[in-house]
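The values are calculated or read from the model by the stated rules, or taken from the named source; none is laboratory data. Here the structure is a predicted model, which is why all the values come from computation and not from measurement. Note that we place each Cβ from the backbone using ideal geometry, even for glycine, and neighbour counts take in every protein chain shown. Quick note on the areas: whole protein, heavy atoms, side chains included, nothing else; ligands and nucleic acids left out. Shrake-Rupley method; radii C 1.70, N 1.55, O 1.52, S 1.80 Å.
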Amino acid sequence: MVVKSGKELEYSRDLIPGKKDILELYSDAGWLAYTNDPDCLMKGINGSYGIYTAWTGMELAGLARIIGDGFT
C-alpha cells in the first residue's frame, strides 16, 4: 500500500470496476469524449489486455489499461 494525501491507496490487477465508478473517474478527469458513449467505453475497458486500478477504500482513484482493444 501507498499513502498519499493521508489516504491509503490499494492496487488491483485485472479487477474491472463497475460502469458507475468508471464514469465518475473519467468525468472527474474531464475525459468527456469517453463518457459521452458509456457503452463504447465499457467495451474498450472490457476488451483491454490488462487493467490496473487504484482504490481509496471503496472509491476508484485511478485506472490504467493495456490497450489494443479495437474500440479506442
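Quote the charge dipole size of the range 19-59 about the Cα centre in Debye, to the nearest 20; the model charges only the Cβ of Lys and Arg (+1) and of Asp and Glu (-1). Approximately 140 debye in magnitude. Along the range 51-58 the Karplus relation, 6.51 cos²θ - 1.76 cosθ + 1.60 evaluated at θ = phi - 60°, assigns HN-Hα couplings of 10, 10, 10, 10, 10, 10, x, 9 Hz to successive residues, with x for each Gly and Pro. Heavy atoms of the protein chains alone define the surface here; on that basis the chain has 68 Å² accessible area per residue at 1.4 Å probe size.
Summarising the amide proton neighbourhood of Gly62: residues at separation of 5 or more, or on other chains, whose placed amide H is nearer than 5 Å comprise Ala54.
Cross-link partners among aspartates and glutamates for Lys43, C-alpha distance below 19 Å, same-chain residues fewer than 8 apart left out? Cross-link targets: Asp14, Asp21, Glu24, Asp69. Given +1 at the Cβ of Lys and Arg, -1 at the Cβ of Asp and Glu and no other charges, the dipole of the chain around its Cα centre is 100 debye to the nearest 20. Counting Lys +1, Arg +1, Asp -1, Glu -1, what net charge surrounds Ser27 among other residues with beta carbon under 14 Å of its beta carbon? In short, -3. Note on Lys7: lysines with a C-alpha under 24 Å away, same-chain residues under 8 apart excluded, are Lys19, Lys20. Which angle from 0 to 90°, rounded to the nearest 10, does the C-alpha axis of helix 19-29 make with the longest principal axis of the chain? That helix lies at roughly 80 degrees to the long axis.
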